[in-house]
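Here is the structure we will look at.
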Amino acid sequence: MREHDLIVIGSGSGLSVASGWANRGKDVAVVEPGRMGGTCLNRGCIPSKMLIHRADVAETVRNSEDFHVQASMDGVEFEEMVDDVNEEVKEESEQISKGIESSENHTLYESKARFVEEKVLELEDTGEQITAEKIVVAAGTRPSKPPVDGLDQVDYMTSKDALRMDEKPDSIVVIGGGYIACEMAHFWGPLGVDVRIVQGPSVLVDKEDREVAEKFTDIYSDKFEVHTDTYAEAVRTEGNEVVVETDTGEEVSGDELMVATGRTPNTDTLEVEAAGIETGDAGFVEVDEYMQTSVDGVYALGDIAGNYLFKHSANYEANIVFKNTLVGPEFEVDYTAMPHAIFSSPQVAGAGKKEQELEEEGTDYVKATYDYADTGMGGALKEENGFVKVLASEEGDILGIHIIGPHASSIIHEALVAMRNDLGISGIKDTIHIHPALNEVVGRAFDQL
């Protein structure tokens, strides 16, 4: 059995922990059966946002007449577009691999692995066992498979496959209406694909603040064929199409089928129970405030820990785990104002409490909203739907902020700074905003309180 100082399972955000240890001369093992870089780089946020930007360009061309600019799309080089993005991602992944392989202090095991006992992993390819006093479990999640009859008998895509399509379909049915489904719909729609979404809850992006989700659903319903309050029960192939049978009796068909109904942690394939690592009901690793598992010296971070399934939260957790693996469990995670964004059209961003959560908790609050259209830049953009919503305590603490509209993922950041540093609403109200920059809509929303 080979012993290392540190083992990191997964090559996403956990690599920063591995590199930090290696830079201190420690013997570090990285276990990764796939491409280096993890989900975000290879089959998640990086390639999807690169493709979505191309959709943004196409949407700008399609909407150019709104600004009296005559333009048209002569065609879409779909295959070249996808190949270009995936080649760039591949090159970046290969650069990470070269860096690991050239390091004297890294050992890369390109194999699946499973725990066989506490702090002992067995490599699937060779049967070799490795161990370390400190282990970081950062093996991520995979697309969930919903209980839909006939799914195994038809060809369907998940988010992983959807980013590597080699041909643009005429139409596509998406089961699920969360952020992955809606981002992919935005990629396909402006490029000329008819998108049909089947969503169980009454709104799309149903984890968002209620008002935001309702507005988002209205906008998407104008763009795409959206079926809410509708659950997929079965699928079948009919000719060249895939047909989704629903609980309402409707049938929704398309050339392709994508399933985007959540994520499943990879704890089962790692057999973490053999190591005494406890998991919750959904299979995510249970961690304490130091990101340590039920086994001393074994930490977990990122999607597999199940706190927030965002790359930026995984990077933050990796920083905490790095320090705690070095000196012991001393540094606690602080998820105050953990933000998120949906890179659709319109964009959505949020942090803190949602209004429905405050209502359920019985928390007293005040709120204010401000429309993009009532600002100079909002008018210039001819933005009719976007708004900023702020939730605050009566004492002036910021409880939540929710934005729908252009550049939501960017303009939210001043509120994040205020929330992280406990500046309250005055931290925004007392800030002089550039006129007519888009961030005025944030300042004016706070001015309503």
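The residue list Gly302, Val272, Gly283 was ranked by how far each Cα lies along the charge dipole of the stretch 239-381 toward its positive end, using unit charges on Cβ atoms, and Gly302 comes out on top. Let's test the formula: R0 of 56 Å, r as the Cβ-Cβ distance of Val69 and Asp152. What FRET efficiency results, to the nearest 0.05? With a Förster radius of 56 Å, E is 0.70. By how many degrees, between 0 and 90 and to the nearest 10, does the Cα long axis of helix 179-188 differ from the longest principal axis of the chain? Value to nearest ten degrees: 60. Rg ratio for the stretch 267-327: its Cα radius of gyration over 2.2 N^0.38 Å, N being its residue count, equals 1.05. Straight-line cross-link reach from Lys26 at under 28 Å between alpha-carbon atoms covers these lysines, not counting any fewer than eight positions away in the same chain: Lys98, Lys112, Lys119, Lys134, Lys311, Lys323. Per residue, the convex hull spanned by the Cα atoms of the stretch 376-449 measures out at 79 cubic angstrom. Measuring spread by the Cα atoms of the stretch 151-261 yields a radius of gyration and Dmax of 13.1, 41 Å.
Okay, helix-only estimate at 222 nm for the chain: each DSSP H run of n ≥ 4 adds -39500 (n - 2.57), divide by all residues, round to 500 deg cm²/dmol; what do you get?
Numbers: 15 runs with 142 residues, N = 449.
That calculation yields -9000 deg cm²/dmol at 222 nm.
Please sort by residue number the trypsin sites (Lys or Arg not before Pro) in the stretch 375-443 whose DSSP state is loop and whose Cβ has at most 12 other Cβ atoms within 10 Å.
Details: sites: Lys382, Lys389, Arg420, Lys429; in loops: Lys382.
Answer by residue number: Lys382.
Each listed q (0.10, 0.21, 0.22 Å⁻¹) maps to a log10 I(q)/I(0) for the stretch 320-449, found by the Debye formula over equal Cα scatterers with no solvent: -0.35, -1.18, -1.26.
Reachable lysines from Lys215, Cα under 20 Å, same-chain residues fewer than 8 places away excluded? List returned: Lys207, Lys223, Lys353, Lys354, Lys367, Lys382, Lys389.
Each eigenvalue of the Cα gyration tensor of the stretch 17-157, multiplied by 5 and square-rooted, gives one semi-axis; in descending order these are 41, 22, 13 Å.
Can you pull out the GluC sites (Glu not before Pro) in the stretch 201-251 whose DSSP state is coil and whose Cβ has at most 11 other Cβ atoms within 10 Å?
Values: sites: Glu208, Glu211, Glu214, Glu225, Glu233, Glu238, Glu241, Glu245, Glu250, Glu251; in loops: Glu208, Glu250.
Those satisfying the criteria are Glu250.
For the chain, the convex hull drawn through the C-alpha positions has a volume of 166 cubic angstrom per residue. Taking the fewest neighbouring Cβ atoms within 10 Å as the starting point, the ordered list for Val295, Val441 is Val295, Val441. Note on Cys45, Cys40, Cys182: ascending count of other Cβ atoms within 10 Å places them as Cys45, Cys40, Cys182, the fewest first. With neighbour counts taken as other beta-carbon atoms within 10 Å, the residues Ile432, Ile96, Ile412, Ile404 rank, fewest first, as Ile432, Ile96, Ile412, Ile404. For the pair Glu233 and Glu273, the difference between a 0.36 nm per residue extended length and the Cα-Cα distance amounts to 11.1 nm.
List the GluC sites (Glu not before Pro) within the stretch 77-181 that fall in a DSSP loop (any state other than H, G, I, E or B) and whose Cβ has at most 10 other Cβ atoms within 10 Å. Numbers along the way, then the final one.
On the way: sites: Glu77, Glu79, Glu80, Glu87, Glu88, Glu91, Glu92, Glu94, Glu101, Glu104, Glu110, Glu117, Glu118, Glu122, Glu124, Glu128, Glu133, Glu167; in loops: Glu77, Glu104, Glu110, Glu118, Glu124, Glu128, Glu167.
Passing both the DSSP loop test and the Cβ count: Glu104, Glu167.
The magnitude of the dipole of the stretch 1-72, with charges of +1 and -1 set on the Cβ of Lys/Arg and Asp/Glu and taken from the Cα centre, is near 220 debye.
With charges set only on the Cβ (+1 for Lys and Arg, -1 for Asp and Glu), what does the dipole of the chain come to about its Cα centre, in debye to the nearest 20? Working shown, then result.
Numbers: 36 positive and 88 negative charges, 230 e Å.
Computed charge dipole of the chain: roughly 1100 debye.
In a reduced charge model with +1 at each Lys and Arg Cβ and -1 at each Asp and Glu Cβ, the stretch 359-448 shows a dipole moment near 420 debye about its Cα centre.
Computed from the coordinates by the stated procedures, all read-outs in this text should not be read as laboratory data. Treat the numbers as computed from the prediction; the structure is a model and nothing was measured. Here Cβ is always computed from backbone atoms with ideal geometry, including for glycine, and neighbour counts include all displayed protein chains.
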